[in-house]
Amino acid sequence: MIILDPTWLAFESLTPGVEAAACSANCLFSFATLEIAHPAGAACFALTERRQPGAWRWAIVNAIGEVTDDGWEPTQDGAKLASATRLRNR
């Protein structure tokens, strides 16, 4: 399956439910900076969040809410790119 560049949504724009709960459970630092991407047809989603200036966490979360891959980048764009690349390679 080919996953195109995902659309990112701020946590506050998610409808309450399973996806929002999974995002909340995997947020370690800041709901204010938390963004997620859940590509159509994918069983997992990506998230980014800022720990501090110059430290952006990215993570891939599977269908049962477990973090299967994560890392750090110096910018949010870098974190989004890293997580999107991991989503494409699944």
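Taken together, the values in this text are just the output of simple stated rules run on the coordinates, not laboratory data. If you're wondering where the values come from, they're calculated on a predicted model, not measured in any experiment. Positions of Cβ are backbone-derived with ideal geometry, glycine not excepted, and every protein chain shown enters the neighbour counts.
Quick notes on this structure:
- Extreme residue, nearest to Ala42 (Cα to Cα), among residues of the stretch 63-90 that are polar (S, T, N, Q) and loosely packed, with under 15 Cβ neighbours inside 10 Å: Asn89
- Pairs with Cβ under 8 Å, 6+ apart, first in the stretch 8-19 and touching a residue at least 60 places away in the same chain (Cβ under 8 Å) and within 21 Å of Ala82 (Cα to Cα), second assigned to a helix (DSSP H, G or I) and among the charged types (D, E, K, R): Trp8/Lys80
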